[in-house]
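Right, one structure below, let's go through it.
Values quoted throughout were computed directly from the atomic coordinates according to the rules given, and no laboratory measurement underlies them. Note that this is a predicted model, so its numbers are computed, not measured. With ideal geometry, Cβ positions are generated from the backbone for all residues, glycine too; neighbour counts draw on all protein chains shown.
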Amino acid sequence: MAIIQYDPIIAVMRKHLLENTELVAWEGWTDGEPIICPRYMDTPENMTYPCITIYRDYGVRYKYRTGHEHVNMFIHGWFKEMDGRPLLDDIAYIMNLVVNTLSDNPYEGHKVKEFDLCRLVDSRCPQYEAETRTWFFMTDWKVVCNRFLYETKEE
């Protein structure tokens, strides 16, 4: 079943990732198309690999900045060995594409215009989940945004 509606912050991050031509053109995607899921992956054995998941850890609405909030998000990339590919290189490559697409920095400036701030605050690469024999990267993000600027309004 397809996920149709989800958190608008996830939707903005996912949209920017899908607009990255280098990420979309990566040769390792199953069926040649990237899988970027707007959810937490709780059953790694039933997923299609490789894939990227985006989910919200927690958020706080600022008391005196109407509509503004600080949200912590996680983006993970999940991989299983297939066809003898150099898996660890692929994991680092995809993680760096995600970071380069989304993270504000002093040299390239503000990348996700819908947000006031989108910054990588922590990462781990590569990680291994032994029970399911799954490799992954983890990125932790701080997002500050005004939800009223980009949420879709019902007509």
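Would you calculate, for the chain, the mean residue ellipticity at 222 nm contributed by helices, counting each DSSP H stretch of 4 or more residues as -39,500 (n - 2.57) and dividing by all residues, to the nearest 500? Walk me through the numbers before you get to the answer.
Values: 3 runs with 32 residues, N = 155.
The helix contribution divided over the chain gives -6000 deg cm²/dmol.
When you count, for each residue, the other Cβ atoms within 10 Å and take the mean per peptide, how do 75-81, 121-127 rank with the highest first? Show your work: numbers first, answer last.
Numbers: 75-81: 20.0, 121-127: 13.9.
Packing order, densest peptide first, comes out as 75-81, 121-127.
Take LYS15, LYS63 and order them by how many other Cβ atoms sit within 10 Å, fewest up front. Let's see the in-between values first.
Values: LYS15 12, LYS63 7.
With the fewest neighbours first, LYS15, LYS63 line up as LYS63, LYS15.
Among all lysine pairs in the chain that are eight or more places apart or on different chains, how many have alpha carbons less than 27 angstrom apart?
For the chain, the number of qualifying lysine pairs is 14.
Taking the 0 to 90 degree range and rounding to the nearest ten, how far is the long axis of helix 87-102 tilted relative to the main principal axis of the chain, both from C-alpha atoms?
For helix 87-102, the angle is close to 10 degrees.
Which Cα, out of CYS145, ILE75, THR101, lies furthest along the positive dipole direction of the chain (beta carbon charges, K/R +1, D/E -1)?
So the residue furthest toward the plus end is CYS145.
Only one of the values (i) 45, 34, 28; (ii) 96, 39, 22; (iii) 53, 40, 28 was calculated from this structure for Cα extents along the principal axes in Å; name its label.
(iii)
What list of ³J(HN,Hα) values in whole Hz, one per residue of the stretch 139-148 in order, does the Karplus curve 6.51 cos²θ - 1.76 cosθ + 1.60 (θ = phi - 60°) give from phi, with Gly and Pro shown as x?
10, 10, 10, 9, 10, 10, 8, 10, 4, 5
Relative to the Cα centre, what is the charge dipole magnitude of the chain, using +1 at the beta carbon of each Lys and Arg, -1 at the beta carbon of each Asp and Glu, and rounding to the nearest 20 debye?
Values: 17 positive and 25 negative charges, 141 e Å.
Taking the Cα centre of the chain as origin, the dipole is about 680 debye.
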